[in-house]
Amino acid sequence: MTTKYIFFTGGVVSSVGKGVTAAALGQLLKERGFKVAVQKLDPYINVDPGTMSPYQHGEVFVLDDGAETDLDLGHYERFIDVRLSRACNVTTGQVYAEVIGKERHGDYLGGTIQVIPQITNEIKRRIGAVAKSTKAEIVLVEVGGTVGDIESLPFLEALRQLRSDLGRDNTLYIHVTWLPYIGATGELKTKPTQHSVRELRSIGISPDVIIARSDYPVKDDLLEKIALFCDVEKRAVIPMPTTPVLYEVPLLLEKANIADFILERFKLETQHKPDWTEWSQLVQEVRREKPIVDVALVGKYVELQDAYMSVREALKHAALHLGVELKIHWVHSAELEKERGWDELKKVAGIIVPGGFGGRGIEGKIQAARFARTENIPYFGLCLGMQLMVVEFARFALEDEEANSTEFDRATPHPVIDLMPDQRQINEMGGTMRLGLYPCHLQPGTIAAKAYNTEMVEERHRHRFEFNNEYRTKLGEKGMCFSGLSPDGRLVEIVELVNHPFMLGTQFHPEFLSRPNRPHPLFTAFVQTVCTRAGVETHSLHQTT
Ligand code: GLN
C-alpha cells in the first residue's frame with residue numbers, strides 16, 4: 001500500500017496538546033489495523049533536545065536506539081504502544097548539519113544551496129525515511145510550534161510540496177487550534193482560528209481537518225461557523241474540550257468519527273473494528289474514586305513538571321493498575337538543604353528521586369535518600385537517583401561523609417560513582433552519553449528479579465557516570481545488593497538494599513518503557529510497597545505478563 005501521510009500543524013497558541021492529539025489519532029488508526037508511525041519535526045536549531053535545559057524543553061525522551069528526543073515521542077509511544085526510532089524526531093539543526101556537510105563534501109557540484117529546494121528536499125527525505133525504517137502504512141507528522149513562526153516555514157513549505165509530490169489521496173492536513181473563552185460575555189471565539197487558517201493558506205496549505213481545542217464544550221453553531229469560514233467540511237471540524245483524563249483523548253476523537261473521515265479521504269477500508277473495551281476500562285478506572293497514597297518526587301526541576309513527564313506517567317500507570325491514586329508531592333531538593341520541605345517529605349509513604357545533571361540540590365537528594373533508608377520508607381532512584389542512593393549508603397557504610405560521585409566532587413576520597421572509562425576522552429556534549437537500550441541480567445531472588453519475574457531485561461539509558469566497581473565488595477558486605485548487572489558482569493545496572501522494604505535504584509530509566517495498560521514492573525513493585533506502608537489495600541486491574 002502507498003504510504004499515507006497525516007500532517008499536524010498548530011494554530012493560535014502552542015501547548016494545546018497537539019502531540020497528545022496526534023498520538024491519540026495514531027492509536028485510532030492502529031486500532032483499525034494499520035501500521036502507524038509518528039514523527040515530530042522541531043523547528044529549533046539544536047540538533048536534539050539532549051543539550052537543552054529541562055526548564056526550556058521539559059523532559060528528554062530516550063528511544064531504544066539512543067536518540068534523545070522531544071517529550072511528545074513519549075506520548076506517541078505510550079498511546080500507540082510502539083517503539084520509535086531516531087528517524088522520528090527531526091530538528092532544523094539536523095537538517096542544516098546534513099546539507100552543510102554535503103556542501104562541504106562537494107556533493108552539490110557547485111550549486112548554490114538554498115532553503116528551497118535543498119533544505120526542503122532534506123526535510124522531505126527525512127519524512128520519507130520514517131516509512132522506510134518502520135514499514136508504517138500511515139505516518140503522522142507533527143510540526144512543533146505554531147503557524148506563523150519564522151523557524152517553521154521551511155517545514156511547512158516541505159509539507160506543502162508533499163501534497164503535489166504524493167497526491168491528495170495520500171496526504172491530509174490537520175490544523176490543531178485553540179478557541180479562547182471570553183469571561184465577560186461567556187463565549188468561545190473562533191476569530192484566532194480563522195486568522196491562523198488564513199496564515200496557513202498563505203503558505204499554500206489548506207487544512208482538511210480542524211481540531212478545535214478549548215476549555216469549554218464547543219456548540220454546534222460554532223463548529224458550523226469554523227467550517228464555513230475555514231472552508232472545511234462540517235464533519236471535519238472536531239471539537240476537543242480539555243479533559244482532566246489524558247487517556248480519554250482517543251475516546252473523544254473516536255466519538256467524533258474522525259478516523260472514518262480520514263480513511264474515507266485516503267480511500268482505505270478499516271482492517272478490523274476498533275476494540276476500546278480495555279482502554280475505556282482504564283479511563284473509567286482513572287475517574288473512579290480511589291484511596292489516595294502520598295509519594296514525594298525529589299528533584300530540582302520540580303517547578304516544571306513536564307521535566308518529569310515519563311516518571312509521572314509511569315507512577316500513574318502503576319497506581320492505576322493497583323487501584324490507588326497517587327498524590328505526588330513535588331519537593332525541591334535544594335529546599336531540603338535549607339531545612340525546608342521536610343514537613344512534606346515526612347508525610348509521604350514513598351520517595352522517588354529521578355534523573356538529573358549538575359551539582360545544584362545534590363546534597364538535598366542525598367539527605368532524602370538517608371531519610372528513606374533510616375526510616376524504612378520505600379525509595380526508588382532513577383539514574384541519578386540510583387547514584388545518590390549509592391553515595392548516601394557509602395557515606396554510612398564507609399563512615400565517611402565525603403564519599404561522592406566525581407560528577408560533584410572530583411577530589412572525593414571515595415569516588416563510589418565515577419565517569420565511565422569510555423566517557424573520559426569525550427569533549428563533545430551532544431549525543432555522547434551512554435544512550436539507549438542495553439541488556440541487564442537480574443540476580444535471582446532479588447527484589448528486582450521478583451518484580452520483573454525474568455532473568456534478562458533490556459532498558460533505556462542516558463548517563464556518563466557509573467558505579468565504581470572498586471566498592472562492590474565493601475558496600476556488598478554492608479548490605480547493598482547488586483541485583484542487575486550487564487551480561488558481562490562489569491556494569492552495575494540495579495542496586496538494592498537488603499535490610500529495607502524497598503530501597504532500589506536503577507542506572508537506566510525504566511519510566512520510558514511504562515505503558516498505561518502495561519505498567520513497568522519496578523514501578524508497580526515500588527507503588528505496591530508504598531501502599532503496604534500506607535496501609536492501603538490494592539487490587540490488580542490487568543494481568544501482568
Ligand atoms: N548525571 C548522571 C550521569 O551522567 C545521571 C544522569 C541521569 O540521571 N540521566 O551519569
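The values are calculated or read from the model by the stated rules, or taken from the named source; none is laboratory data. Since the model is a prediction, treat every value here as computed from it, not as a measurement. Please note: Cβ atoms are built from the backbone with ideal geometry, for glycine as well, and neighbour counts cover all protein chains shown. All accessible areas refer to the heavy atoms of the entire protein, side chains included, with ligands and DNA or RNA removed. Shrake-Rupley method; radii C 1.70, N 1.55, O 1.52, S 1.80 Å.
Near ASN170, once Lys and Arg are set to +1 and Asp and Glu to -1 for all other residues with Cβ below 15 Å from its Cβ, the sum equals +2.
Note on GLU325/SER202: beta-carbon distance plugged into 1/(1 + (r/R0)^6) with R0 of 35 Å gives a FRET efficiency of 0.15. One Cα centroid belongs to the range 492-518, the other to the range 146-171; the line between them spans 43 Å.
Taking the Cα centre of the range 132-268 as origin and assigning +1 to Lys and Arg Cβ atoms and -1 to Asp and Glu Cβ atoms, the resulting dipole is close to 180 debye.
For the range 492-540, the set of GluC sites (Glu not before Pro) satisfying both a DSSP loop assignment and a count of at most 14 other C-beta atoms within 10 Å is given as GLU537. Put simply, the amide H of ILE238, placed in the peptide plane, has neighbours under 5 Å in ILE210, ILE211, ALA212, leaving out anything fewer than 5 places away on its chain. Per residue, the average separation of C-alpha pairs within less than 8 Å and at least 6 apart gives the chain a relative contact order of 15 percent. Computed over the chain, the range of Cα coordinates on each principal axis works out to 73, 63, 47 Å, biggest value leading.
Expressed as a fraction of 2.2 N^0.38 Å, the value expected for a compact globular protein of N residues, the C-alpha radius of gyration of the range 307-378 is 1.15. For the range 320-370, GluC sites (Glu not before Pro) meeting the loop criterion (DSSP other than H, G, I, E, B) and having at most 16 other Cβ atoms within 10 Å: GLU339. Ligands, DNA and RNA excluded, the heavy atoms of LYS40 present near 10 Å² of accessible surface to a 1.4 Å solvent probe.
Scanning residues 5 or more positions from GLU187 or on other chains, those with amide H under 5 Å from its amide H are ILE182, with H placed 1.01 Å from N in the peptide plane. Note on the chain: with charges restricted to the Cβ of Lys and Arg (+1) and Asp and Glu (-1), its dipole about the Cα centre is near 960 debye. Of the listed residues GLU375, GLU248, the order by accessible area with a 1.4 Å probe, largest first, is GLU375, GLU248. DSSP assigns beta bridges within the chain; of those with both partners inside it, close to 35 percent run antiparallel.
Non-local lysine pairs in the range 1-114, meaning eight or more places apart or on different chains, with alpha-carbon distances under 26 Å, amount to 9. Average accessible surface for the range 367-451: 42 Å² per residue, computed with a 1.4 Å probe over protein heavy atoms with every protein chain in place.
Per residue, the convex hull spanned by the Cα atoms of the range 374-418 amounts to 62 cubic angstrom. Listed by chain and number, the lysines whose alpha-carbon sits under 17 Å from that of LYS219, ignoring those within fewer than 8 places in the same chain, are LYS189, LYS191, LYS234, LYS255. Taking the helices alone, the chain has a mean residue ellipticity at 222 nm of -11000 deg cm²/dmol, built from -39,500 (n - 2.57) per DSSP H run of at least 4 residues and averaged over all its residues. Computed from Cα positions, the angle between helix 153-166 and the longest principal axis of the chain comes to roughly 60 degrees. For the chain, the share of accessible area belonging to carbon and sulfur comes to 50 percent (1.4 Å probe, ligands and nucleic acids excluded). Taking TYR76, TYR216, TYR44 and ordering them by how much accessible surface each has at a 1.4 Å probe, largest first, produces TYR216, TYR44, TYR76. For the range 247-338, which trypsin sites (Lys or Arg not before Pro) pass both filters: DSSP loop (anything but H, G, I, E, B) and at most 11 other C-beta atoms within 10 Å? Of the trypsin sites (Lys or Arg not before Pro), the ones in loops of the range 247-338 whose Cβ has at most 11 other Cβ atoms within 10 Å are LYS267, ARG288, LYS338. For the range 69-186, the solvent-accessible area of protein heavy atoms averages 42 Å² per residue (probe radius 1.4 Å; ligands and nucleic acids excluded).
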